[in-house]
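What follows is a single structure, written as structure tokens, with notes after it.
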Amino acid sequence: MPACNGGNEVLAAQSQKAPLPASALAADPASPADSAQEVQRYTLKALDLLTNWIEKGEKDRAVPACKWENSTHLRNSREKHSSSSSSSNGQNVGGDVQLSQVPMSEEAIFAFLEQTLEDSVNPWTHRFLDKLYTMPTTLSPALELMLGAMNASGVVSSASPALCLAEEKAVEGLARLIGWDVDKVDGLTMPGGSSSNVLAVQTALGNAFPSFKRQGLFGVTEHLMSTGRSLKASRPIILTSEQSHYSIEKAALACGMGLESVQKVKCDANGRINLAHLDEVLAGFEDSEETDSSRTGFPFYINLTAGTTILGAFDDIQGATEVIRKWEARRESKNSSSNGSSNGDRSSPQLPTPTKIWIHIDASWGGPVLFSSSLRKLMDGVCSADSLTINPHKVLNITQQCSFALFRRASDLTVNVTGAKYLFHGASTSSTSDEEKREFLRRNPGAKTMGCGRRPDAFKFYVEWLRVSTLGFAAHVERGVGYAYSLVRLVEERYAATLEVAEATLAGVQTGGLFLQVCFRPRLPRGIAELFKLVLPDEDAEPNGRAGVPSRSYSLLSHSTHALHAKLRALGRFTVDKAPLAYPHADVGYYIRLVAHPTTSLALYEELVGEVDRLGREYFDELSGKLKLRMDGTNGVAEGKRLKSYLDEIAVEE
């Protein structure tokens, strides 16, 4: 077995150097430095760097929203810089700064911090529109500073009583918006919406199948098989839409269920879960419980999305709940009939005792519509949910991260409690009333989770809510939605000849379900569109493409989207994302996905749309020159052959 001598070699080499300076030695704990003065000095220096960086981002049009495309490009730049220069103390600030046995000076540290800001995405330009989050509120950084100074953990309330109380108040406030009984609810912040979704699945499993806590999935399978189900039909199933977040599949992995335990339900043209297909899927489980068909298992959980990642679509919560309740009633009736006819004959298969399907709402993105009296209709029926995820660090601009996992019944979370009496004090949750269980969980918030230490992020949201008010949050969300509608009109009216809005986005406009995302891309120029009809007539026969296979025209439009997106990234002034859209029956390729953040002015959005238009026209002008096409629609067979050859080339690239 090879010896692990790398660390010893480093230390041996270091011992040959001069002794460490006194400044590098640990302070004598018997005579500590004045911590308050040091914190003030460091904080003021950092604050000076930050305010300059923020002001530069807001006022200097030349500042890019994103200087580097990724960390690899930054690494290469720093390594190249390091090979040509270095600082006097051996640390190459601005280049590739290496960890060392010798400490950096305070001056070098702050030079490195300044360089870090320079090399980072600057959301304060108001042009960072790539993700579902952007610049934070102006109060949030100060709240982050307070949390850092307190260095508290929300694992037990005795270690952070004021911060845990703020979390309780925030949970109660959100519960009121949902329509839950605040005397029974519970919830807590988690490190992101994905973690909140995982906790919901874990909690649902423990409540649906009590044996899960001790025996895991073996206990679940054993329980279901004992009721007469086959092995394959005893697999717990999660239902979710095709447009739902990938964290639902991650949750299945985290719980040991596997990806095949996630049953995807089709979406309608708006990107919402298709209720007819949901009913069909549920009926399939009902009718094939003892067969070898692929749709076998035991549905125990459904994830409904309030604000999908690409389209911002809201599943019909009320409609889906009605479908689920009807299926549960059919299952209960069938179970009763089966029990009556068996007359105690346990040799005949028995359906399991009906278990209510756990309804979870992933409102990580769209949840803040609950603050608005005019927009909360998008989440009608939310009060029937068993759990809900919401991320104030997205639409509401609280600093990263701030995600809540909320539960309608506090007692449901007791399935996650294990031991650790050295840490979690108070009455046991196994032999107490629901109220005592709730009090135990309030005193020991970390016991509800699969982790331990917790950052008390709820404090940031709670204080921001105090400052802004419920009406303030409502106005914020409504402003963003208003921007989205304005951007659709802009593309449809000013750029109708050169840009096209995705049909799914237009469907959202028509139904009043548009949220903050607008998907659009270049439109085929008339000359190329006419050429498609001439040399690829089969494209007209299937205008939406074949299921799962983009039509050739969609491939070309996707290629134009990729090209202009790359140019936008290279220019750096704006950052915006691209995404593929999938209709119920066809893949229509990639679009620019624009997020209408309420903190960015409409004027900047208009500038961005104009830039997309310019780059799109530039792409097709270059293509026409390369293929010697005429844009007036007078192309012939020769031009058609060149176009088909080009389409074959880009198909290989994709």
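Rule-based calculations on the coordinates, nothing more; no lab input. Since the structure is predicted, the reported quantities are computational estimates derived from the model, not experimental observations. Glycine also receives a Cβ, built like all others from the backbone with ideal geometry; neighbour counts cover every protein chain displayed.
The phi-based Karplus calculation (6.51 cos²θ - 1.76 cosθ + 1.60; θ = phi - 60°) puts the 3J(HN,Hα) values of segment 411-417 at 4, 4, 6, 5, 5, 8, 7 Hz, whole numbers, x for Gly and Pro. Label positions at Gln98 and Lys356, each projected 7 Å from the Cα along the C-beta direction, are separated by 6.2 nm. Listed values for segment 125-140 are Karplus-derived 3J(HN,Hα) couplings in whole Hz (6.51 cos²θ - 1.76 cosθ + 1.60, θ = phi - 60°), namely 6, 6, 10, 8, 10, 6, 10, 7, 10, 8, 4, x, 5, 5, 7, 4, and x replaces Gly and Pro. Remark: Arg467, Arg455 ranked as Arg467, Arg455, counting other beta-carbon atoms within 10 Å and listing the fewest first.
Using alpha-carbon pairs under 8 Å, 6+ residues apart, how would you state the relative contact order of segment 470-653 in percent?
Computed value for segment 470-653: 27 percent relative contact order.
Pick out, from Thr138, Ala152, Met225, the residue whose Cα sits farthest towards the positive end of the charge dipole of segment 130-239, with +1 on the Cβ of Lys and Arg and -1 on the Cβ of Asp and Glu. About the Cα centre, the residue reaching furthest to the positive side is Met225. Think of segment 470-653 as a dipole: +1 on every Lys or Arg Cβ, -1 on every Asp or Glu Cβ, centred on the Cα centre; then among Ala504, Val637, Ala563, Ala563 lies furthest on the positive end. Magnitude of the charge dipole for segment 427-507, about its Cα centre and with charges confined to Cβ atoms of Lys, Arg (+1) and Asp, Glu (-1), is about 520 debye. As a proxy for reagent exposure, Arg630, Arg408 were ordered by neighbouring Cβ count within 10 angstrom, fewest first; the result is Arg630, Arg408.
Computed from the C-beta positions of Ile650 and Glu55, the FRET efficiency with R₀ = 35 Å rounds to 0.20. Per-residue Karplus couplings for segment 440-451, computed as 6.51 cos²θ - 1.76 cosθ + 1.60 with θ equal to phi - 60°, are listed in order as 4, 5, 5, 6, 10, x, x, 5, 6, 9, 8, x Hz, Gly and Pro entered as x.
Each of Val609, Ser486, Gln517 was scored by the projection of its Cα onto the charge dipole of segment 470-653, and the greatest displacement toward the positive side belongs to Val609; charges sit on the C-beta of Lys, Arg, Asp and Glu. Filter the cross-link list Lys59/Lys377; Lys232/Lys578; Lys56/Lys394; Lys264/Lys567; Lys131/Lys626; Lys250/Lys437 down to pairs whose alpha-carbon distance in this structure exceeds 31 Å. From the list (Lys59/Lys377; Lys232/Lys578; Lys56/Lys394; Lys264/Lys567; Lys131/Lys626; Lys250/Lys437), the Cα-Cα distance tops 31 Å for Lys59/Lys377; Lys232/Lys578; Lys264/Lys567; Lys131/Lys626.
In this structure the amide hydrogen of Val185, modeled in the peptide plane, comes within under 5 Å of the amide hydrogens of Ala410, none closer than 5 places in sequence on its chain. Neighbour counts of other Cβ atoms within 10 Å put Thr308, Thr399, Thr599, Thr189 in the fewest-to-most order Thr599, Thr399, Thr308, Thr189.
First check a/c for segment 156-285, with a ≥ b ≥ c the square roots of the eigenvalues of its C-alpha gyration tensor; if it is under 1.5, answer rounded, and if not, answer prolate when a/b is larger than b/c or oblate otherwise.
Oblate, because a/c is 1.5 or more while a/b does not exceed b/c.
Put a plus charge on the Cβ of each Lys and Arg, a minus charge on the Cβ of each Asp and Glu, and nothing anywhere else: the dipole of segment 470-653 about its Cα centre is then about 300 debye.
Averaged over residues, the count of other Cβ atoms within 10 Å places the peptides 153-165, 436-448 in the sequence 436-448, 153-165, highest first.
Amide H contacts of Ile237 (H built 1.01 Å from N, in plane; Pro and chain starts excluded): Phe298, Phe300, Tyr301 sit under 5 Å, all sequence-distant by 5 or more or on other chains.
Taking amide H positions as modeled 1.01 Å from N, with prolines and chain starts lacking one, the residues under 5 Å from Cys267 and 5 or more places away or on another chain are Glu242, Asn274.
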